[in-house]
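Asker: I have a structure I would like to understand better, so I am pasting it below and will then ask my questions one at a time.
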Amino acid sequence: MAETADIKTPAGFLFSTAEASIKKPGRKDIALIVSEVEANIAGTFTKNAVKAAPVRLCMRNIRSGKGRVIIVNSGNANACTGKKGMHDAEKIAADVSRRLNIKPSLAYICSTGVIGTPLPMERITPALAPLAGNIGGSSFADVAEAIMTTDTFPKMVSRSIKIGGKSGTITGVCKGAGMIAPNMATMLCFILTDVALEKRALSAALKESVSKSFNRITIDGDMSTNDTVLLMANGLLGNAPITRSVKYFGAFKKALDEVTYGLSKLVVKDGEGATKVIEVDVKGARSESHALKAAFAVANSNLVKTAIYGNDANWGRIMCALGYSGIPLREDKTDIFFNGIQVVKEGLANNKDKEATAALKAKEITITVDIHSGKSSATVLTCDFTEEYIRINAEYRT
């Protein structure tokens, strides 16, 4: 978990939070991110066929590649709410835009929380005036807390990047602890930078970065209706806009990858009821897609996840998941390791279960599988599965 002191805010971004008592009173539950100037913006969104109203509105606005404002509420997803849901999302965006004197098309609205319940507009609407009137009165950390639902801690990651003789910043915030599975797997994520990037370069960088981070984590195999990642670049660093063909694109991409991977790992760490982070590393596959399918089969297995929770080095559950993953597999060529301890050699027990069981008491577990059929590899992050996950989700609407 990143400490607030480690988080640097890029130049030209201001924040505000307010209490709308959307799900329950007593906490800030609506947030505003504002760029002082019009910014280039890129986004990736849930592939779920059922998309919440705010997702559909964001997907419509982002065609321009321009943005100024991100409005976020927690406690209510505004999903499966029909025409009223879209009307409410548009009304919030229009209200805030009018108060800030910007075009509504530059406003992006995101929601997270309970599905199927209309937004309590009678409480949200009065909160918009203090929200828009207090720009700069809140911090990035305040935004991180306001967008939480079942999260147990705010999630932020920041990186610096040298562009010529100038130092730019990329900083991201996300929320998510349940309904986490590609595509995408973040619930909500907002990344801000003062570095100037050409729109196509910004979009390409985000798409590639998300594919290697948020699209390679799973907590419970459930895909949300609201998953959204937005990357806003306002260019106030003053550098010449970066394109894919200049050398600085690689440096920006590397820093962005570190931010998205760091955030995705925090999501897994905070998985509902989780006690351990699990990295599933599959290598020796014929292709990256085969390695990814195998890694997800293991990472999504409730039997594997419960075994890790119980400190049980039950490698048979991993072998089973590999077998039904749908990739070409030779059991007699497969090796399996827990935190570097080999428990399976060429498909057979290696008599190291006692040592592996002791290693499973760590908070971070690496399951390594080598299927010895090629040179490709892939890594997926997940977490263990506990009784607390069931309790949280059984009581989610109460």
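Please treat every number below as a calculation from the coordinates, not as lab data. Note that the structure is predicted; figures quoted are calculated from it, not measured. Reconstructed Cβ throughout: ideal geometry from the backbone, glycine too, with neighbour counts over all protein chains shown.
Asker: Can you compute the modelled spin-label distance between residue 6 and residue 346, with each label point 7 Å from Cα toward Cβ, in nm?
Answerer: Label at residue 6, label at residue 346, 4.4 nm between them.
Asker: For the stretch 277-394, what does the alpha-carbon gyration tensor say about shape, rounded, prolate or oblate, given a ≥ b ≥ c as the root eigenvalues, a/c under 1.5 as rounded, and a/b over b/c as prolate?
Answerer: Since a/c reaches 1.5 but b/c is at least a/b, the shape of the stretch 277-394 is classed as oblate.
Asker: Students often forget the sequence filter, so: which aspartates and glutamates lie under 15 Å Cα-Cα from residue 254 once same-chain residues fewer than 8 apart are removed?
Answerer: Straight-distance partners of residue 254: 208.
Asker: If a paramagnetic tag sat 7 Å from the Cα of residue 208 along the Cα-Cβ line, which residues of the stretch 229-244 would have the backbone N under 18 Å from that point?
Answerer: Within reach of a label on residue 208: 231-233, 241-244.
Asker: Add -39500 (n - 2.57) for each DSSP H run of 4 or more in the chain, then divide by its residues: what number comes out at 222 nm, to the nearest 500 deg cm²/dmol? Each step should come with its number before you reach the end.
Answerer: Values: 11 runs with 128 residues, N = 398.
One gets -10000 deg cm²/dmol as the mean residue ellipticity at 222 nm.
Asker: Let me spell out the model: positive unit charges on the Cβ of Lys and Arg, negative unit charges on the Cβ of Asp and Glu, origin at the Cα centre of the chain. What dipole size does that give, in debye rounded to 20?
Answerer: Taking the Cα centre of the chain as origin, the dipole is about 1240 debye.
Asker: Treating each Cα of the stretch 4-269 as an identical point scatterer and ignoring solvent, apply the Debye formula and state log10 I(q)/I(0) at q = 0.13, 0.14, 0.16 Å⁻¹.
Answerer: The computed values of log10 I(q)/I(0) come out as -0.75, -0.88, -1.18.
Asker: May I have the extent of the alpha carbons of the stretch 195-285 along their three principal axes, as whole Å values ordered from largest to smallest?
Answerer: Extents along the principal axes: 45, 35, 21 Å.
Asker: If you don't mind, there's one more thing I want to ask. Give me the net charge for the shell around residue 11: Cβ to Cβ below 9 angstrom, other residues only, Lys and Arg +1, Asp and Glu -1.
Answerer: Summing Lys/Arg as +1 and Asp/Glu as -1 gives -2.
Asker: Now for a different question. Determine by what factor the alpha-carbon radius of gyration of the stretch 265-309 differs from 2.2 N^0.38 Å, reporting the quotient.
Answerer: Compactness ratio reported: 1.27.
Asker: Lys/Arg Cβ at +1, Asp/Glu Cβ at -1, dipole of the chain taken about the Cα centre: which of 44, 55, 237 is farthest positive-ward?
Answerer: Of the options given, the answer is 237.
Asker: Same structure again: If you take the alpha carbon radius of gyration of the stretch 291-340 and divide it by 2.2 N^0.38 Å, what ratio comes out, to two decimals?
Answerer: For the stretch 291-340, the normalised Cα radius of gyration is 1.09.
Asker: With labels modelled as points extended 7 Å from the Cα through the Cβ direction, what inter-label distance (nm, one decimal) is found for residue 152 paired with residue 200?
Answerer: Placing both labels 7 Å beyond Cα along the Cβ direction yields 4.6 nm.
Asker: So, one more: Between the stretch 98-154 and the stretch 290-336, what is the C-alpha centre distance in whole Å?
Answerer: So the separation of the two Cα centres works out to 41 Å.
Asker: Which of the DSSP-defined H helices in the chain satisfy a minimum axial length of 30 Å, computed from C-alpha atoms, and a minimum mean Kyte-Doolittle hydropathy of -0.5?
Answerer: Length and hydropathy pass: 248-269.
Asker: Measure up 276/375; 47/175; 175/361; 51/293 against 23 Å on the Cα-Cα distance and list the ones that go over.
Answerer: 276/375; 175/361; 51/293
Asker: What is the local net charge at residue 253, summed over the other residues whose Cβ is closer than 13 Å to its Cβ (Lys, Arg +1; Asp, Glu -1)? Working shown, then result.
Answerer: Working: positive: 159, 207, 212, 244, 247, 254; negative: 208, 257, 258.
Net charge around residue 253: +3.
Asker: Next question, about the same structure. May I ask you to derive the FRET efficiency for residue 56 and residue 394 from their Cβ-Cβ distance with R0 = 25 Å, giving the value to the nearest 0.05?
Answerer: On the way: r = 30 Å, r/R0 = 1.20.
Plugging the Cβ-Cβ distance into 1/(1 + (r/R0)^6) gives 0.25.
Asker: Excluding residue 210 itself, what net charge comes from residues whose Cβ is under 13 Å from its Cβ, given Lys and Arg +1 and Asp and Glu -1?
Answerer: Net of charged neighbours comes to +2.
Asker: Determine the percent antiparallel among the DSSP beta bridges restricted to the stretch 277-394, to the nearest 5.
Answerer: Taking every DSSP beta bridge with both residues in the stretch 277-394, the antiparallel ones total about 70 percent.
Asker: Place a point 7 Å from Cα of residue 64 in the direction of its Cβ. Which residues in the stretch 99-140 have their backbone N less than 12 Å from it?
Answerer: 102-108
Asker: A follow-up question, please. How many nm is it between the label spots at residue 100 and residue 324, if each spot is 7 Å from the Cα in line with the beta carbon?
Answerer: Between residue 100 and residue 324, the simple spin-label model gives 4.7 nm.
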